[in-house]
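Take a look at the structure set out below.
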Amino acid sequence: MADLATEAAVDPANWTCPAPLRDQPVVVMGHGGGGALSAELIEQVFAPAYGNPTLAALTDSAVLDLGGARLAFSTDSYVVRPLFFPGGSLGDLAVNGTVNDLAMSGARPAYLSTAFVLEEGVEIDVVSRIAHAIGAAAEAAGVTVATGDTKVVESGHGDGVYVTTAGVGLVPDGVDIRPQRARPGDAVLVSGPIGLHGVAIMSVREGLEFGVEIASDTAPLAGLVAAMLAVTQDIHVLRDPTRGGLGASLNEIARASGTGVRLRERAIPVPDEVANACGFLGLDPLYVANEGRLVAFVPPEHAEAVLAAMRAHPQGAGAARIGECVAEHPGMVVVATGLGGTRVVDLPLGEQLPRIC
């Protein structure tokens with residue numbers, strides 16, 4: 001009993017942790033992982049420096065009123081290692097990632113820019129392969145690469161090739177998709193199996209064998225979003241769970257909307273190969289990155305029709321209803337386990353697998 005009393009008196013404020021926290025004086029890898037450290041960097045450094053109402057929404061893409069049109073605008077940098085992997089390449093990610101950020105606002109992506117940072121000594125053939133992958137991915141996504149830039153840094157001051165893309169698209173009238181619109185009762189839908197991209201990158205980077213080749217899920221999602229909006233424009237939230245995985249995206253939505261999220265573990269589509277790899281390495285599939293999946297919050301009266309439309313689309317064939325938005329535990333995500341218990345899915349500090357996009 002004395003031991004229990006001592007444990008109850010422990011003050012968590014006195015705990016120490018070797019992981020980097022917000023008072024870290026230098027940038028660490030976790031600042032780019034899409035978790036708590038990324039959020040702190042944005043909130044404490046960038047948001048105060050740029051502070052404006054448009055940026056304050058902190059959505060995947062900004063929605064702008066310009067000349068009578070509603071434009072979605074987004075930018076993203078890609079530093080994946082290795083440059084080529086099963087299912088895709090740096091070039092595929094550079095297109096699909098930005099196209100998908102635009103689509104998460106309900107936009108129809110139209111134009112992209114590309115900016116290459118090349119390290120002195122990288123083979124021209126490598127650059128050409130990435131450029132051709134960008135061209136092919138843009139054609140598949142129905143967008144045009146309209147402008148670009150190239151810079152070169154000295155050998156040893158880069159890591160081969162980095163690419164930054166920016167994109168614009170048109171948001172249809174009547175569409176208002178943002179994390180603040182999540183409401184209790186909303187169904188939480190995911191477009192397909194999770195974790196494939198992160199495990200694909202890890203298997204190549206670390207030379208791991210899992211019995212079968214695991215390919216990235218990188219794909220453009222604008223067509224899938226259009227199919228969903230054809231059912232109803234009243235979709236509350238869309239998010240592509242890239243860095244930090246599904247767990248990070250759901251936490252961001254819960255915190256932005258002041259609602260809770262309750263998941264059913266057995267309903268979440270985790271491929272066997274991903275589950276096996278994560279079990280072997282001690283990773284949680286909910287935090288593993290995806291590059292061709294989306295999560296949607298949809299009013300309950302539209303949920304089944306939207307889910308059917310997702311399953312009828314090639315990029316949503318494995319779609320599933322995995323939970324709901326609730327009034328309880330605002331800002332928190334919980335999952336009902338297969339054994340009848342409940343666990344909290346917190347916002348990860350950093351990224352389990354750095355440089356996956």
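Projecting each Cα onto the charge dipole of segment 60-173 (Lys/Arg +1, Asp/Glu -1 at the beta carbon, about the Cα centre), which of HIS157, ILE130, VAL143 comes out farthest on the positive side?
Of the listed residues, the answer is VAL143.
Roughly what % of DSSP beta bridges within the chain run antiparallel, to the nearest 5?
Of the beta bridges lying entirely in the chain, close to 75 percent run antiparallel.
In µm²/s, what is D for the chain at 10 °C and 1.306 mPa s, where D = kT/(6 pi eta Rh) by Stokes-Einstein and Rh is the Kirkwood radius from Cα pairs? Walk me through the numbers before you get to the answer.
Details: Rh = 21.1 Å.
Translational diffusion coefficient: 75 µm²/s.
When the Karplus curve 6.51 cos²θ - 1.76 cosθ + 1.60 is applied with θ = phi - 60°, which whole-Hz ³J(HN,Hα) does each residue of segment 233-243 get, with x for Gly and Pro?
7, 8, 8, 7, 9, 10, 8, 9, x, 8, 4
When the accessible area of segment 60-173 is split by element with a 1.4 Å probe, what percent falls to carbon and sulfur?
Values: 2830 of 5180 Å².
Carbon and sulfur atoms account for 55 percent of the accessible area of segment 60-173.
If you take every residue apart from PRO86 with its C-beta less than 11 Å away from the C-beta of PRO86, what net charge results, scoring Lys and Arg +1 and Asp and Glu -1?
-2
Need one number: the % of Cα-Cα pairs in segment 179-345 sitting beyond the 18 Å mark.
In whole percent, the long-distance tail amounts to 57.
Solvent-accessible area per residue for segment 60-173 at a 1.4 Å probe radius, Å²?
45 Å²
Quick one: accessible area per residue over segment 179-345, 1.4 Å probe, rounded to a whole number of Å²?
Heavy-atom accessible area per residue stands at 37 Å².
More than 16 Å apart: what percent of Cα pairs in segment 60-173 qualify?
Cα-Cα pairs of segment 60-173 separated by over 16 Å account for 58 percent.
In terms of modelled amide H atoms, which long-range or inter-chain residues lie less than 5 Å from the amide H of TYR111?
Those qualifying (amide H under 5 Å, at least 5 residues apart or on another chain) are THR144, VAL168.
Using a 1.4 Å probe on the protein chains only, how many percent of the accessible area of segment 179-345 belongs to carbon and sulfur?
So the carbon and sulfur contribution to the accessible surface is 52 percent.
Quick one: how many Å² of LEU71 are accessible to a 1.4 Å probe, rounded to 10?
It works out to around 40 Å².
What ranking, highest mean first, results for peptides 191-204, 233-246 when packing means the other Cβ atoms within 10 Å averaged over each residue?
So the peptides 191-204, 233-246, ranked by packing, come out 191-204, 233-246.
Sorted by packing (mean other beta-carbon atoms within 10 Å per residue), highest first, where do 144-150, 129-135, 217-223, 26-32 land?
Values: 144-150: 13.0, 129-135: 18.4, 217-223: 23.9, 26-32: 15.0.
For the peptides 144-150, 129-135, 217-223, 26-32, the packing ranking is 217-223, 129-135, 26-32, 144-150.
The values are calculated or read from the model by the stated rules, or taken from the named source; none is laboratory data. Small disclaimer: the values here were computed from a predicted structure and weren't measured. Cβ coordinates were reconstructed from backbone atoms using ideal geometry, including for glycine residues, and neighbour counts include every protein chain displayed. Accessible surface is based on the protein model in full, side chains and every heavy atom, while ligands, DNA and RNA are left aside. Shrake-Rupley method; radii C 1.70, N 1.55, O 1.52, S 1.80 Å.
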